[in-house]
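The values are calculated or read from the model by the stated rules, or taken from the named source; none is laboratory data. From a predicted model like this one, the values you see are computed outputs, not experimental measurements. All Cβ positions, glycine included, derive from the backbone under ideal geometry; neighbour counts span all protein chains shown. Ligands, DNA and RNA are excluded from the accessible area calculation, which covers all protein heavy atoms including side chains. Shrake-Rupley method; radii C 1.70, N 1.55, O 1.52, S 1.80 Å.
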Amino acid sequence: MDLLFCQTPQQKEAAIKALQDYLPHCRWFSSKSQSIVQLEFEEEIFLDPFKQEFSLLFFRVTYDKGPEAQDLFLLPLQRKSLPEAQHSDREILFSCEDLALCWIEATSNNNIGQLFLELIVHKKESKGRRGSIRGSCSQLFFFNEKDISFKEKGQFLGTEQSNSSYIFDQKFFFKLYRKLEAGENPESEILSYLTEKTPFGNIPSYLGKMELFLNGSKYVIGLLTKYVPNEGNGWKRALSCLERYHKVAQELLSSSALSHFPQETFHHDCFGLDAIYLGERTAELHLALSSAQGIEGFEPEPLQKTDLKLLFEEAIQQIDKKWINASANPWFQRILSQRNFTFQSLTERISQKLKEKITDLEEENPDKIRIHGDFHLGQVLWTGSDYFIIDFEGEPNRSIDKRRMLWPALKDVAGMLRSFHYAAYSFFSPMDDPSKRILAAFWYSKIVKIYLDAYRKKVRSAPILPSTEESFFALLDFFLIEKAVYEVGYELGSRPAWVPIPLLALLDLIE
């Protein structure tokens, strides 16, 4: 086989240079801010070994922060003859005139999506020179030939960020992971557990996965689930409801009366019913995850205060590493000045408040369980009558080992509450006039209460929650502060104009 990385040194060097130039333009390449010092081809494996048209290239990128700072990525390729490629409108990534061959990026080609599906359905294995890829199915799901006979109906979704996705005939959903880590992927692990071991049904049912075996390690590179027909995610629906809420408020109130809201300002179609559904589904998810008695990696354990001290230390590290450009952000400085804080007094107060919340927890602590790990309105789909929970990968900036850790269920709850806050204050800009800030605060407080009431009513006395009100809110506030610290750092580096949203929330939490 004429594998890409087995060509002459000159051709290999040219291919590496072409790929280095290409990566900054890829939405799935998450390390654009880092300097690449080395790129190495690890393996190329054909998905169609006989025809040898479509392959997966696995390459390792090392950055300038040392030999440990490296990532393994996956790139789907289509191999074409040079004359054929020159008459198409697709961009050529690499070419080899000696072989009269070239390679183009194949992610958006529906034919490669069909090969992924068939590899999983038929439990195929394709081998390279150093590794192999293998498909497997859920033991509870049985395919038949007519289910996979829709070769022309596959659809690539071009809106993904860190991964690439395909829908097949409105039946199956396939996610291709582009950045790979050795070990069991949290998403495939949690979805297979929930599908095969629990009655919780508000998730995309796990159907199968595709794995890479390379250099003695195993990587999950693709996940097949049932497709969930939907009308968009929770974020989209929340903004739509906020627009309706704004119209209701404008009709009922004058600006001078905004501080005295009549109850009718808030209707259930302003996201109130959605908050009930979300609270109930979150509770059902956590109860299902907490039922994993005797299952390695899932069995609940008592929370220790040392667990929270780990998150406390991570939060302080976030401030040290991610808040370094805070002084250059005009919104950051303006808000601190308005609230009579300096940078130092703010960070000291955050540290003090986190420690207080840990101290406020009583000795009888809740169980920690497997959780979603990156729970927000973008991770739930509205079907028209209910919510389904998706994307169980966990926080993308954490290692797989950390994403598989057990945590209190309230960590997810805090993530959703922070998402409600983001929705309210992105719709009514926190730097707008006071009347809009009042509208945002009123909507947020109502939604939080409805969500928490529905969640706690469903969970009842289960050991996943603290047994007293004081401990419940101490733990919830701890996670809200910890999350807001992360969000401030993220916005400082990615969306400077959004800094006021998490910063104002953080100040409210610590004052």
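Any idea which of Ile400, Ile369 is touching a His at 6+ places or on another chain (Cβ under 7 Å) and of a type in the set (A, V, I, L, M)? Before the answer, list the steps.
On the way: Ile400 fails: touching a His at 6+ places or on another chain (Cβ under 7 Å).
Step by step, each of Ile400, Ile369 is checked, and only Ile369 is touching a His at 6+ places or on another chain (Cβ under 7 Å) and of a type in the set (A, V, I, L, M).
Table: residues versus (1) touching a Phe, Trp or Tyr at 6+ places or on another chain (Cβ under 8 Å); (2) open to solvent by 20 Å² or more (accessible area, probe 1.4 Å); (3) of a type in the set (D, E, K, R).
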residue	(1), (2), (3)
Arg349	yes, yes, yes
Lys355	yes, yes, yes
Ile358	yes, no, no
Thr383	no, yes, no
Pro396	no, yes, no
Arg403	no, yes, yes
| In the range 434-444, is there at least one residue being open to solvent by less than 10 Å² (accessible area, probe 1.4 Å) and at pLDDT 95 or above? | no
| field | Filter result for Glu184 (within 18 Å of the chain's Cα centre (by Cα) and modelled with pLDDT under 95) | value | yes
| field | Close pairs from the range 4-27: first farther than 18 Å from Pro76 by Cα, partner part of a helix (DSSP H, G or I) and modelled with pLDDT of 90 or more, Cβ under 9 Å, at least 6 apart | value | none
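Hey, among Glu145, Glu189, which residue is modelled with pLDDT of 90 or more, open to solvent by 10 Å² or more (accessible area, probe 1.4 Å) and not β-branched (Val, Ile, Thr)? Give the steps one after another, and end with the answer.
Details: Glu145 fails: modelled with pLDDT of 90 or more.
That would be Glu189, the only listed residue that is modelled with pLDDT of 90 or more, open to solvent by 10 Å² or more (accessible area, probe 1.4 Å) and not β-branched (Val, Ile, Thr).
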| field | Selected residue (criterion: surrounded by the fewest Cβ atoms within 10 Å (Cβ to Cβ)) from residues of the range 360-381 that are at pLDDT 95 or above and in a loop (DSSP other than H, G, I, E, B) | value | Asp374
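Does Leu287 satisfy being of a type in the set (A, V, I, L, M, F, W, C), open to solvent by 30 Å² or more (accessible area, probe 1.4 Å) and not in a loop (DSSP other than H, G, I, E, B)?
Working: of a type in the set (A, V, I, L, M, F, W, C): yes; open to solvent by 30 Å² or more (accessible area, probe 1.4 Å): yes; not in a loop (DSSP other than H, G, I, E, B): yes.
Yes.
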| task | Search the range 42-98 for residues being among the small types (Gly, Ala, Ser) and part of a strand (DSSP E or B), and hand back the single one that is most open to solvent (accessible area, probe 1.4 Å). | result | Ser95
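Give Leu289, Leu310 a once-over and let me know the one that is among the hydrophobic types (A, V, I, L, M, F, W, C) and free of Cβ contacts under 8 Å to residues at least 60 places away in the same chain.
Working: Leu289 fails: free of Cβ contacts under 8 Å to residues at least 60 places away in the same chain.
Among Leu289, Leu310, only Leu310 is among the hydrophobic types (A, V, I, L, M, F, W, C) and free of Cβ contacts under 8 Å to residues at least 60 places away in the same chain.
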| note | Across (1) of a type outside the set (Ser, Thr, Tyr); (2) within 30 Å of Ser467 (Cα to Cα); (3) part of a helix (DSSP H, G or I); (4) under 26 Å from the mean Cα position of the chain (by Cα), Lys355 clears everything bar (4)
| Lone qualifier among Ile400, Ile350, Ile390 - being among the aliphatic types (A, V, I, L, M), over 20 Å from Glu301 (Cβ atoms) and in contact with a Pro (Cβ under 8 Å, 6 or more places away or on another chain) | Ile390
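Any residue at all in the range 25-40 that's among the charged types (D, E, K, R), surrounded by 18 or more Cβ atoms within 10 Å (Cβ to Cβ) and under 25 Å from Ser217 (Cα atoms)?
Residues of the range 25-40 among the charged types (D, E, K, R): 27, 32, 40.
Narrowing further to those that are surrounded by 18 or more Cβ atoms within 10 Å (Cβ to Cβ): none.
The answer is no, given that none of the residues of the range 25-40 is among the charged types (D, E, K, R), surrounded by 18 or more Cβ atoms within 10 Å (Cβ to Cβ) and under 25 Å from Ser217 (Cα atoms).
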| note | Of the residues in the range 235-285, those that are charged (D, E, K, R) and either touching a helix residue (DSSP H, G or I) at 6+ places or on another chain (Cβ under 8 Å) or at pLDDT 95 or above (or both) come to Lys236, Arg237, Glu243, Arg244, Glu264, Asp269, Asp274, Glu280, Arg281, Glu284
| Looking only at the range 448-472, which residues are crowded, with 16+ Cβ neighbours inside 10 Å, within 21 Å of Glu356 (Cα to Cα) and not polar (S, T, N, Q)? | Leu465, Pro466, Phe472
